[in-house]
Amino acid sequence: MQQFLNYLNSTQTPGETGNFAWATIYILIIFGGISVAVIAMNWLERKVLAHMQVRLGPMRVGPHGLLQPIADALKLLIKEDIMPAEADRLMFWMAPVIVVITAFTVFIVIPFGPTHAVTDMNIGVLFMLGVSSLGVLGIIMAGWASNSHYPLLGALRSSSQMVSYEIAMGMAVISAILMTTLTADGAGTLSMIQIVQAQDKQQMWFLFRMFPFGFLAFFIFAIAMVAETNRAPFDLPEAESELVAGFHTEYSGFRWSLFFLAEYAAMLAVSSIAVTLWMGGWMRPFSHWLAGDTWDAFFSFFPAATFFLLFVVALAGTVRMPKHAAFKIQKAGLGAFALVLGGIGVLLLIPPVKDRIQDIYWFVAKVSVFMYAYIWYRGTFPRYRFDQLMKLGWKVMIPVGIAVLIVVAAAPAFNFVW
Amino acid sequence: MADDTKSRTAHLDLDTPESQIETYMHRRAAPAREEETYLDANELVLNMGPQHPSTHGVLRVILKLDGEKVLGTECIIGYLHRGVEKIAENRTYTMFNPYVDRMDYVAAVSNGLGYCEAVEKLLNIEAPPRAQYIRVILAELNRLASHMLWLGTHALDIGAITPLFYTFRDREEILKIFEKYCGARLTTHAFRIGGCQYETYEGFEQDVIKFCKFVRPKIDEYETLLTTNRIWVERTRGVGVISAADAIDFGVTGPVLRASGVKWDLRKAQPYAAYKNFEFDIPIGQNGDTYDRYIVRIAEMHQSLRIIEQAVGAIPEGPIMGKVPKVMKPPVGEIYHSIEAPKGELGYFIVSDGSTQPYRVRVRPPSFVNLQALDKMVRGALVADVVAVIGTIDIVLGEVDR
Amino acid sequence: MTFKELTRKVLLLDLLQGLALTFRYQNPKEIYTEQYPLQRPRVAERYRGAPRLGVNAETNETLCIACDLCALACPEHLIVVTSERNPNTRRKELTTFTYDLSRCMFCGLCEDACPTDCLELTQDFELASYSREGMIWDRTTLERGPQPTKYER
Amino acid sequence: MANDNPQDKDHLNPHPEKPGEAQRTGQSDPTLEQWTGATSAPQPAPPAGQPPAEASPSLPASDKKAGATPLKPEEAATPKPAAQGHAAPAKPAGPAIQPWSGEIVERLQARFGSGIRGANTYLGQNYFVVDPSVAYQVLALMHDEEEFDYLVDVTAVHYPDREQPFEVVWILYSFSRNQRVRVKASYGENQAAPSVVSLWVTANWLEREVFDMFGVRFDGHPDMRRILLPEEWQGHPLRKDYGIIQQDQQWVKINLGIESGQ
């Protein structure tokens, strides 16, 4: 047991040390965390989108609709499971499973902190790119197995879209990897953890490295990742107004919810990759510019402060709730929720927790910025047409990606690095 | 003559033998062999509608596709057919009035205006000036409402979900004015034959002026979201092009015709109600594509506001109801009267046999005629363009099917 | 393409403007939704809603003179008025009055036709019913307004 | 049910106590003449220069020239409302069908002679009544030479008591002249009207609708199918002899298996 707990002070990931028990725990935590994140994301997407659209969003199930995603999940679970009569049954059954598995597998290599990853592969980036592109298989299977026109069109769109944007994405990723060679020892790496450490050593996020080329690479990745996850404005495979629901038109109930889960998990995954590669992963902002114990202490209060802020917001919501008998339970619920948030805030002030949560907090905070951006794009932009999407991918993103790659690769050869 | 037909309508795919058309209507039959599926056809036949998110109701379009390229379309309409023209034959002139609101239900006021004016013409009377001004104000407000609803749904079809809510919010203000004026929001039944039933309520003018001030920046907001947005421009420019000559040939009217560069608006060409008293421009486009139709409609919204502001400042005093016989028995005869509805030329052809009920009422629905040009506009385009073009024609199935 | 347009395009200003607009709208003050059962919409004075037969406030006698004009004005023929002649006063008196709300399109022609302002369309807009029969209002319902069933636990 | 008692239709006036009514109830209304005078003016700026359809005491039906005058014989059978005293003063001065003379009429008459059965103006609107056999030629000429480039509408009216019961109406508009003209021709039960799809593509659906509603076939139409009603529909609803209630009962019985409540 002591040995088991000793791991907490280890400087390696469980995968590296071969600590099977801790690896399992990490996997469970990540799985649970992602599920919670998807539920939260569901609620946030509805709320944020609603507010952008001068609406309220869910308000009825729970205070401010907080329980809405749970209610929806329950509804989906107990829905009748419908399989089209002429569907390819095995493929139809496997498609959502494959999509979910690939979406979750990517998280194995994602470092939430220097030790907080399931494993640190030396080919981490390659693994990530490989596994995440497998997801398209599930989508094609879903489209084909449905034996229907809309899903087929959606699947075809999806496959070509993903294949095209994978290239642009790869270009951007390679330029980030090349930047890891700019450290003093000159050794490049594909390991996700070491990429972040390289940013630490170079005292700069790759986002700002060789400006604007690092930024350009990041920008290409940021667009390609929206396309990869089939989100607006690149949500052609499931374009509602054209293809009804694209590849999952024939899916309902739990199978559909698996696609939903996979979509959000994939969003989290690619955002995590972007954060890792360009935004310094778990590093706190200004870790070198505002260095020193004072600043460290200042930034270490951020997690607790965030929760206190949420606590205040929830409390304000409780107070502002209409005084009406119908709101009694809702009011109590929101109050309790506020207290839970406050409790978490207090918990995060306890020194050992405070120290250990730092990495994860900054990582999650950066990812949530991306998540917000996803919702924001969806609320603002129209949808690209298929050929335009391809044009953008092949004629803009890939050439720019290659150009950035060439510059990033060539500049160090002439000792011209900034 | 038959050969002539063929050459002039080659783009319509009218050459397809009828039997073949049947086959793709009835493709739902089980495949002959077990290993053969629906997907074995060389051409993909996609059945869009009648329950599709972006066919604006119950339009059903059968698309013949090569990959995503549209080879041909066929519209199946009539799902919302209620026999309005037959109903008219069994109602008196007054009783039929509320029914016309149910055709183009997003522009009910315009429908009512057209009908009332047609019957007034048949009766050889005219609504008093005050009534005509009120009619113009409400009809223009209705045009705004219709265009707003169009913009929201059109943007939604193209994937921008947010403008829908902004336009509906602003349309709500118009509906509130309608509700205050005549007691109903959508199917207003605002006008009666011979004038208006309702006197303006207290504060009507202020409400309308306030609305005009309120809505101008909101239209600019829609434009911020869409007009220059590169995705929107790419999605709409060069999509669904129809030339001026084709547009006239297809009998297309309204903003769709004007976007093709034909400067023709019934409000100017043959002014009805009080339109001859107002100054306004007819916005036209050049290319006749979806983007131009968008620009034309946005410009029309501004022109409508101009008309409303002029009209509201100059409502004359006087009666609102003309001298109509208590029993409306127009003399034997027939009349065709048309107005510029938000969607195009809305005409009423009324035949009277001298009794209290019309012998025949024919409605010339702009949506119905405009929808016919869909095939011309989308042939050779992609599936996504079909959706954009259906949106840009601005059809209301209640009017298409009547 | 002018330089200005080019800059706009490269710097994605067109997209950023849109993003700024939607971002600004997140202000909770902009929310337009009404939460219906709790926030009651204020319908206009002239709103054409549930029909109602007026009664004399003092004597509680109906104002209806059973002239049948509303029934004749109705495009849907959904009003049925029956009356009988009172032998004493030699006047027609209303016996039953049924109004089929399920077919009503609230055009207001009956209201316009009524010579005594007895029949009017009121501001009541909540007309849902659990059955088709519930949509057919008789004289009592029309005079007193619908009496919704109150469910208590 | 609607037309059983025309006497009682007199309530169809607006509410007597609504504003504007005071003006209306006055028996001598000076503004009325003003308005009616304004209405009978011709359509704005008709270049052909038709005479304005002035109010004239002659009855519409008296105009023998209108071979297809829309007076339908069954109208006489309709019971005349007895109590019309209150409605009498408001009866508008009867507009009359006037002969229409213009350049187009002259040209057409020169070309087709007796094929043009009449050219009239009613309430400022011009129309031709043409022989069914020359209808296509007339329309083609209108399209090709007279610049009537916009076919507004194709419709029909059913007069069951006539020898040729279906009067097909083509409404034409010319952008250059800003003028609207109707062309009418009557067809018999089994007679096909000429299709004008070759002249105006827009006629395609409009003719299909006429076929759907009246059963009038159009010769040369590329795709003569029903448009609004389903293919298997029986009858043509806008014919006067079409029984709505029977049709409804039958449909409900066949498709829903229940008795309709009609």
Return the whole-Å distance between the Cα centroid of segment A:235-288 and the Cα centroid of segment B:216-288. 39 Å
Relative to the compact-globule estimate 2.2 N^0.38 Å (N residues), the Cα gyration radius of segment A:210-294 stands at a ratio of 1.50
Along segment A:296-313, Karplus-curve 3J(HN,Hα) (6.51, -1.76, 1.60; θ = phi - 60°) to the nearest Hz, with x for Gly and Pro, reads 4, 4, 4, 6, 6, 8, 4, x, 4, 4, 4, 5, 5, 4, 4, 4, 5, 4
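Sort D:95-107, A:267-279, B:375-387 by the packing proxy (mean of other Cβ within 10 Å over each peptide's residues), most packed first. Walk me through the numbers before you get to the answer.
On the way: D:95-107: 18.6, A:267-279: 26.1, B:375-387: 22.9.
For the peptides D:95-107, A:267-279, B:375-387, the packing ranking is A:267-279, B:375-387, D:95-107.
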Spelling it out for B:Glu334: with amide H atoms placed in the peptide plane at 1.01 Å from N, the residues 5 or more places away or on another chain with amide H under 5 Å from its amide H are B:Ser352
Run the dipole for segment D:98-228 about the Cα centre, Lys and Arg Cβ at +1, Asp and Glu Cβ at -1, nothing else charged, and hand back the magnitude in debye, nearest 20. 140 debye
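Arrange the residues B:Tyr166, A:Tyr361 by how much accessible surface each exposes, largest first, with a 1.4 angstrom probe. Write out the running numbers ahead of the final one.
Details: B:Tyr166 0, A:Tyr361 45 Å².
These residues rank, largest area first, as A:Tyr361, B:Tyr166.
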Going by amide H atoms built from the backbone, whose H comes under 5 Å of the H on B:Arg60, apart from near neighbours? B:Ile76
Quick one: divide the alpha-carbon radius of gyration of the protein assembly as shown by 2.2 N^0.38 Å and tell me what you get. 1.07
How far apart, in nm, are the 7 Å Cα→Cβ label points at D:Glu163 and D:Ala192? 2.4 nm
Heavy-atom accessible area, 1.4 Å probe, ligands and nucleic acids excluded: residues of segment A:367-382 down by at least 50 Å² from chain alone: A:Trp376, A:Thr380, A:Phe381, A:Pro382
Give me the residues in segment B:222-256 whose solvent-accessible area, probe 1.4 Å, is reduced by at least 20 Å² once all protein chains are included instead of the chain isolated. B:Thr224, B:Leu225, B:Thr228, B:Asn229, B:Arg230, B:Ile231, B:Glu234, B:Arg235, B:Ile248, B:Asp249, B:Phe250, B:Gly251
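Ignoring ligands, DNA and RNA, what percent of the accessible area of segment B:45-401 is carbon or sulfur (1.4 Å)? Display every interim value, and only then the final one.
Values: 4130 of 7820 Å².
Roughly 53 percent, rounded to a whole number.
Of all accessible surface on chain A at a 1.4 Å probe, what whole percent is carbon and sulfur?
73 percent
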For segment B:245-260, in order, what is each residue's ³J(HN,Hα) by Karplus, 6.51 cos²θ - 1.76 cosθ + 1.60 with θ = phi - 60°, in whole Hz (x at glycine and Pro)? 5, 5, 4, 5, 4, 7, x, 5, 10, x, x, 5, 5, 5, 5, 7
Of all accessible surface on segment D:197-239 at a 1.4 Å probe, what whole percent is carbon and sulfur? 44 percent
On average, how much accessible surface per residue is there in the protein assembly as shown, in Å², for a 1.4 Å probe, leaving out ligands, DNA and RNA? 41 Å²
Normalised radius of gyration for chain C, please: alpha carbon Rg relative to 2.2 N^0.38 Å, two decimal places. 1.77
Identify, among A:Val407, A:Leu277, B:Ala388, the residue whose Cα sits farthest towards the positive end of the charge dipole of the protein assembly as shown, taking +1 on the Cβ of Lys and Arg and -1 on the Cβ of Asp and Glu, with the dipole about the Cα centre. A:Leu277
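Sorting D:Trp205, B:Trp150, A:Trp376, A:Trp289 by accessible area (1.4 Å probe), largest first, what list results? Present the calculation step by step, with values, prior to reporting the outcome.
Values: D:Trp205 25, B:Trp150 0, A:Trp376 60, A:Trp289 195 Å².
Ranked list, largest accessible area first: A:Trp289, A:Trp376, D:Trp205, B:Trp150.
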Using a 1.4 angstrom probe on protein heavy atoms only, which residues from segment D:135-156 are buried by at least 20 Å² of accessible area when all chains are present rather than their own chain alone? D:Tyr136, D:Asp149, D:Tyr150, D:Val152, D:Asp153, D:Thr155
Just the number, please: buried accessible area between C and D, total of both chains, 1.4 angstrom probe, nearest 100 square angstrom. 800 Å²
Collect residues whose amide H, placed 1.01 Å from N in the peptide plane, falls under 5 Å from the amide H of B:Phe191; neighbours closer than 5 in sequence don't count. none
With a 1.4 Å probe and every protein chain left in place, tell me how much accessible area B:Tyr105 has, in Å² to the nearest 10. 80 Å²
Only helical DSSP H runs with n ≥ 4 go in: add -39500 (n - 2.57) per run for chain B, normalise by residue count and round the 222 nm mean residue ellipticity to 500 deg cm²/dmol. -14500 deg cm²/dmol
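Work out the mean other chain Cβ neighbour count within 10 Å for the residues of A:383-395 and drop it here as an integer.
Values: counts 11, 7, 15, 6, 6, 6, 2, 0, 1, 3, 0, 0, 0.
Other-chain Cβ atoms within 10 Å of each residue's Cβ, averaged: 4.
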Would you kindly compute the Cα radius of gyration of segment B:263-402 and its largest Cα-Cα separation (Dmax), both in Å? 18.9, 57
For chain A, what is one quarter of the convex hull surface built on the Cα atoms, given in nm²? 22.8 nm²
For the pair B and A, total buried accessible area rounded to nearest 100 Å², probe 1.4 Å: 3000 Å²
Mind checking how much accessible area B and D bury in total, 1.4 Å probe, in Å² rounded to 100? 7900 Å²
Please compute P(r) over all alpha-carbon pairs of segment D:98-228, binned at 5 Å starting from zero, and give each bin as a whole-number percent. 2, 11, 22, 25, 21, 13, 6, 1, 0
Using only helices, what value at 222 nm comes out for chain A when you add -39,500 (n - 2.57) per DSSP H run of length 4 or more and divide by the total residues, to the nearest 500 deg cm²/dmol? -22000 deg cm²/dmol
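Only Lys, Arg, Asp and Glu count, each charged at its Cβ (+1, +1, -1, -1), so figure out the dipole size of segment A:41-137 about its Cα centre, rounded to 20 debye. All intermediate terms of the calculation are to be shown ahead of the outcome.
On the way: 7 positive and 7 negative charges, 96 e Å.
Value, rounded to 20: 460 debye.
Can you pull the mean other chain C-beta count within 10 Å for peptide B:344-356? Intermediate results must be reported in sequence, preceding the final value.
Numbers: counts 0, 4, 0, 6, 0, 7, 0, 7, 4, 9, 9, 10, 8.
Other-chain Cβ atoms within 10 Å of each residue's Cβ, averaged: 5.
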Would you kindly derive the ³J(HN,Hα) couplings of segment B:223-234 from the backbone phi angles with the Karplus curve 6.51 cos²θ - 1.76 cosθ + 1.60 (θ = phi - 60°), listing them in order in whole Hz, with x for Gly and Pro? 5, 4, 6, 10, 3, 9, 4, 5, 5, 4, 5, 5
Roughly how many Å is it from the Cα centre of segment C:33-105 to that of segment A:37-82, as a whole number? 44 Å
Which values of log₁₀ I(q)/I(0), to two decimal places, follow from the Debye formula for chain B at q = 0.07, 0.08, 0.11 Å⁻¹ with a uniform point scatterer at every Cα? -0.34, -0.45, -0.82
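The values are calculated or read from the model by the stated rules, or taken from the named source; none is laboratory data. What you are looking at is a predicted structure, and each value in this text was computed from that prediction instead of being measured. Backbone-built Cβ (ideal geometry, glycine too); neighbour counts: all protein chains shown. Note: accessible area is taken over every heavy atom of the protein model, side chains too, but ligands, DNA and RNA are not part of it. Shrake-Rupley method; radii C 1.70, N 1.55, O 1.52, S 1.80 Å.
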